[in-house]
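Sending over a structure as structure tokens; questions will come in a sec.
The values are calculated or read from the model by the stated rules, or taken from the named source; none is laboratory data. In this text the structure is predicted, and so the values were computed from the model without any measurement. Cβ: placed from backbone, ideal geometry, glycine included. Neighbour counts: every protein chain shown. Side chains are part of the model used for accessible areas, which takes the heavy atoms of the whole protein and leaves out ligands, DNA and RNA. Shrake-Rupley method; radii C 1.70, N 1.55, O 1.52, S 1.80 Å.
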Amino acid sequence: MPKPADPPRPVGVGVDFGTTNSTAALFDGDQVVLVPLEGADPIMASATYIDRDLQTSTGAAAIGRYIDDNTGRTVELIPEVVGETSSFVEHGDMDHPAPVETATNKVYGAAVVDSGLQGRLFRGTKRLMGDSRVRRLMVFDHPFRLVALITPLLLRVRRALEQQVPGVNFGHLGHPVNFEGRDEFRNKTGLSRLGEAYKYAGINEQSFYPEPIAAAVSYLHANPDATGEYLLTLDFGGGTLDFCVLRRGGGSHFSVVTTHGVGLGGDHIDQRLFRTLLFPLLGKGERWHRRGMDREIDTPFPFEDYEELLVNWAVTYTLNQNKYTTPVMECIEQGEAAAHKFRRLRELIKQNLSYVVFQAIKDFKAELSEREEAVLDISEIDVEVRLTRSQFEDLIGDLLDQIEAALEQTLMLAKLSADDVQIVLCTGGSSLIPAVRNILEGRFPGRVVEHDPFTSVAAGLAIANYHGLTA
């Protein structure tokens, strides 16, 4: 009689649903395995696209459909019907009565319906999870709760996990220390919404775990010989900046001393670069000359009407409508020195290039982390901007001040001085910025380490799940 097979080893599951990207990992007690989410890539864009038939795409496919469906498309807004009124109409008189007719008239609101819109893209939805005021978003006349917008992403993650662990319905799930917003109950709201979405995606046994603590768990697992009583983690992602302080006990045991987080992320830095470096090359600060009824009109170009739509690439396509494009064309037709700037702006709008611009900015920012000087090269709009690392740091000086203030607040909450901390761990893509590292090295010289900036949270979540850790 054959010997019974050994029972399967328990496995830990971790899911890091991020503002910009999402990852998942498994841990079997010895080895961490990152789960392929985008082909062979373990990193998937946290993006959802819903078309007119309410069919959903996620990840890279969602972004691709958004770009394809809106490139070169002129946006035509039609008035929205907000109601109907009815009245009785009589055609006869007292001597010759006639049947009474009912006249119905539609009541129109503002021109807000995009008749040619093929689909809606949602990215960075995590940033809204803690805002109780944002309950539903309209998608082709259908109200979608925030939970419904992120469930397809989480379902895709769970199905990828199921390829590795059949029937998986559990895991440690990451969350920021503080969700974005000023709502007093934003963390409770955010966790409640995430929990509901994960449940719809099929992950019913949920253990929520702070993301910076998960990064520390991953580091301590990979570096069992690391010494020191106190460990501080900085997790600087796309939407939030999170800190935690751990106190290590015997072996692999530790306790959480404090956590702290602020709504500052890499996306804020990208938008700052767009505003500072590119806005002047797209017409900001130029004049708009046009013929009036009886005189020539000369005013500043109303670039402020374009700014927020440009730096939020998911809605930039809405600039391709007459009220925005007509002033741009008039400035081009003037043929003055600034006409080439407005040609760039027209091309960016017409070809829906804002996403391409932001990808170039991210690459540019990464290059500045490796070199003292880099070039922001966007051939699609004929832009080439050279910047030194020192100039870049000057541009984000106030944001760096916010990082220092958040660090000081974390130490104060922990009732520790910088000298008390033996290990400082950096994770998250924006932690690679040298100026951020310099802030930490200035306070904790020789004690700053880097550990898998894009995947350490998911790995730590899986390890924590395997060991049953709570926070």
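Can you tell me how many residues in the range 259-297 are touching a Ser or Thr at 6+ places or on another chain (Cβ under 8 Å), free of Cβ contacts under 8 Å to residues at least 60 places away in the same chain and not hydrophobic (A, V, I, L, M, F, W, C)?
Of the residues in that region, 1 qualify.
For the range 59-74, enumerate the residues that are open to solvent by less than 50 Å² (accessible area, probe 1.4 Å), modelled with pLDDT under 85 and either of a type in the set (Val, Ile, Thr) or not in a helix (DSSP H, G or I) (or both).
Matches in the range 59-74: Gly72, Arg73.
Out of (1) modelled with pLDDT under 95; (2) open to solvent by 30 Å² or more (accessible area, probe 1.4 Å), the odd one out for Ala215 is which?
(2)
Tally time: how many residues in the range 153-183 are out of contact with any helix residue (DSSP H, G or I) (no Cβ under 9 Å at 6 or more places or on another chain), under 26 Å from Leu241 (Cα atoms) and surrounded by 18 or more Cβ atoms within 10 Å (Cβ to Cβ)?
Of the residues in that region, 1 qualify.
For the range 257-283, enumerate the residues that are surrounded by fewer than 18 Cβ atoms within 10 Å (Cβ to Cβ) and charged (D, E, K, R).
Correct list: Arg272, Arg275.
Within the range 259-272, work out how many residues are β-branched (Val, Ile, Thr) and in a strand (DSSP E or B).
Selection size over the range 259-272: 2.
Restricting to the range 1-27, what's the tally of residues that are over 18 Å from the mean Cα position of the chain (by Cα), at pLDDT 95 or above and not β-branched (Val, Ile, Thr)?
5
Can I ask one more? Let me confirm something: among Ala462, Ala406, Ala471, which residue is closer than 30 Å to Ala45 by Cβ and in contact with a helix residue (DSSP H, G or I) (Cβ under 8 Å, 6 or more places away or on another chain)?
Checking each option against the conditions leaves just Ala471.
Within the range 292-304, is even one residue crowded, with 19+ Cβ neighbours inside 10 Å and out of contact with any strand residue (DSSP E or B) (no Cβ under 7 Å at 6 or more places or on another chain)?
No, the range 292-304 contains no residue that is crowded, with 19+ Cβ neighbours inside 10 Å and out of contact with any strand residue (DSSP E or B) (no Cβ under 7 Å at 6 or more places or on another chain).
Okay, next question. Would you be able to say whether some residue in the range 395-406 is in contact with a strand residue (DSSP E or B) (Cβ under 7 Å, 6 or more places away or on another chain), buried (at least 20 other Cβ atoms within 10 Å of the Cβ), among the β-branched types (Val, Ile, Thr) and in a strand (DSSP E or B)?
No - not one qualifying residue is present in the range 395-406.
If you don't mind, there's one more thing I want to ask. When you check Asp235 against the structure, is it in contact (Cβ under 8 Å) with a residue 12 or more places away in the chain and either closer than 30 Å to Val385 by Cα or open to solvent by 50 Å² or more (accessible area, probe 1.4 Å) (or both), yes or no?
yes
Which condition from (1) within 23 Å of the chain's Cα centre (by Cα); (2) at positive phi; (3) open to solvent by 20 Å² or more (accessible area, probe 1.4 Å) is the one that Gly429 breaks?
Gly429 satisfies every listed condition except (2).
Something else: Would you check if Ile203 is open to solvent by less than 40 Å² (accessible area, probe 1.4 Å), at pLDDT below 95 and not hydroxyl-bearing (Ser, Thr, Tyr)?
So Ile203 does not fit the description; no.
Residue by residue through the range 106-122, note down the ones that are open to solvent by 60 Å² or more (accessible area, probe 1.4 Å) and at pLDDT 55 or above.
Val112, Gln118, Arg120
While we're looking at this one, here's another question. Out of all the residues in the range 416-436, which are closer than 22 Å to Thr258 by Cβ and not β-branched (Val, Ile, Thr)?
Leu416, Ser417, Ala418, Asp419, Asp420, Gln422, Leu425, Cys426, Gly428, Ser430, Ser431, listed by residue number.
Another question about this same structure. Restricting to the range 127-165, what's the tally of residues that are of a type in the set (Lys, Arg) and at pLDDT below 90?
The qualifying residues number 4.
Which residue is nearest to Asp270 (Cα to Cα), if the candidates are limited to the range 423-445 and must be outside any helix (DSSP H, G or I), at pLDDT below 95 and not hydrophobic (A, V, I, L, M, F, W, C)?
Filtering the range 423-445 for residues that are outside any helix (DSSP H, G or I), at pLDDT below 95 and not hydrophobic (A, V, I, L, M, F, W, C), the one nearest to Asp270 (Cα to Cα) comes out as Gly428.
Which one of these is more than 27 Å from Arg73 (Cα to Cα), surrounded by 14 or more Cβ atoms within 10 Å (Cβ to Cβ) and of a type in the set (D, E, K, R): Glu372, Glu367?
Exactly one of Glu372, Glu367 is more than 27 Å from Arg73 (Cα to Cα), surrounded by 14 or more Cβ atoms within 10 Å (Cβ to Cβ) and of a type in the set (D, E, K, R), namely Glu367.
Still on this model: Restricting to the range 460-471, name every residue that is open to solvent by 10 Å² or more (accessible area, probe 1.4 Å) and in a helix (DSSP H, G or I).
Asn465, Tyr466, His467
Six or more apart or on different chains, Cβ under 8 Å: which pairs go from a residue in the range 306-330 that's of a type in the set (D, E, K, R) to one that's part of a helix (DSSP H, G or I)? Could you list them?
Correct list of pairs: Glu307/Arg275; Glu307/Phe279.
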